[in-house]
1. Could you give the C-alpha radius of gyration of the range 5-73 expressed as a fraction of 2.2 N^0.38 Å, taking N as the number of residues it contains?
2. Given the Cα atoms of the range 180-280, and with Rh set as the inverse mean 1/r over their pairs in the Kirkwood sense, what is Rg to Rh to two decimals?
3. Taking H placed 1.01 Å from N in the peptide plane, check which residues at least 5 places from residue 65 or on another chain put their amide H under 5 Å from its amide H.
4. Spelling out what I want: for every residue of the range 237-249, take phi, set θ = phi - 60°, compute 6.51 cos²θ - 1.76 cosθ + 1.60 (Karplus), and round to whole Hz; glycine and proline get x.
5. Magnitude of the Cβ-charge dipole of the range 36-156, K/R +1 and D/E -1, about the Cα centre, nearest 20 debye?
6. I want to verify the translational diffusion coefficient of the range 105-164 in µm²/s; compute it with Stokes-Einstein, Rh as the Kirkwood radius over Cα pairs, at 4 °C and 1.567 mPa s.
7. In a GNM of the chain with a 10 Å cut-off on Cα contacts, which of 107, 27, 229 has the highest mean-square fluctuation?
8. Which Cα, out of 60, 9, 26, lies furthest along the positive dipole direction of the chain (beta carbon charges, K/R +1, D/E -1)?
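Throughout, read-outs are computed from the coordinates displayed, never taken from laboratory work. Just so it is clear, the model here is predicted, and its values are computed rather than measured. Positions of Cβ are backbone-derived with ideal geometry, glycine not excepted, and every protein chain shown enters the neighbour counts.
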Amino acid sequence: MSDVVRAGLIQQRWTGDKESMIAAAVDAIGKAASQGAQVVCLQELFYGPYFCQVQDPDYYSYTEQIPDGPTTKLLQEVAERHSVVIVAPMYEVEQPGVYYNTAAVIDADGTYLGKYRKNHIPQVKGFWEKFYFRPGNTGYPIFDTAVGRIGVYICYDRHFPEGWRALGLAGAKIVFNPSATSRGLSEYLWRLEQTSAAVANEYFVGTINRVGVEELGDNEFYGQTYFADPRGQLIGDAASDVDEEIVIRDLDMGKLTEVRDQWAFYRDRRPDSYGPLTEA
């Protein structure tokens with residue numbers, strides 16, 4: 001693994017149909033790769049609208065099998081073509097009536113490495129996710145890729161520190177957090193929670209949001225996609241809050257050792273005293 005990983009985050013708006021959305025994502029992956037990106041992450045439920053603004057069973061039709069569905073297969077070809085690791089959040093069907101909010105991870109040679117299923121599922125106005133998804137059952141897997149060990153946490157998951165820590169303990173160097181987050185009460189948390197997770201767990205975080213207002217509701221997705229380093233500092237600027245953008249940043253893996261030597265959080269953990277946290 002190189003001491004520097006060039007990573008990309010793809011911030012997009014809904015095009016109006018699945019086919020053109022997939023085509024736009026494939027084009028963006030190619031553009032990121034042409035800029036030297038070695039790993040690219042797409043936004044939550046990347047090929048559809050954020051349909052959780054309503055409760056409508058018609059949107060079950062957006063499900064695909066992972067890895068045997070057509071979009072995973074296509075992205076395996078794209079990954080191999082561009083020699084880029086891809087994190088692809090999709091709407092997964094395991095069997096009829098059993099659906100998950102899932103991210104597939106594909107290595108730079110096109111190999112399907114596995115999936116993460118979103119663990120924490122909200123059910124509040126404008127985010128009716130329990131209507132569409134079962135809670136994940138994959139735990140917090142780590143994926144050994146061409147750019148090193150990476151993990152995935154999806155949108156609402158970010159409010160729960162336990163999964164961030166589990167990924168760090170498992171050796172994640174970069175954690176991707178694809179999201180669909182709209183303006184409102186939690187917007188001020190956008191640059192607080194993921195940067196804090198990067199500090200507490202001493203790894204890089206790449207967090208993605210979509211942009212625009214979609215026809216299903218009045219939620220305005222505010223973008224501001226960014227990478228944070230293990231000190232919790234943004235690497236370059238956050239993306240626009242209104243425009244599509246491909247965010248490419250160089251992640252200096254040497255900073256992981258530097259920070260972990262200075263702030264010895266893993267050394268000073270006291271797991272022997274944390275038992276009650278799992279009993280509440």
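1. Against the empirical 2.2 N^0.38 Å value, I get 1.22 for the range 5-73.
2. Rounded to two decimals, Rg over Rh is 1.09.
3. 93
4. 8, 5, 6, 4, 8, 9, 10, 5, 7, 10, 9, 10, 9
5. With only Lys, Arg, Asp and Glu charged at Cβ, the dipole is about 380 debye.
6. 101 µm²/s
7. The residue that fluctuates most here is 27.
8. 9
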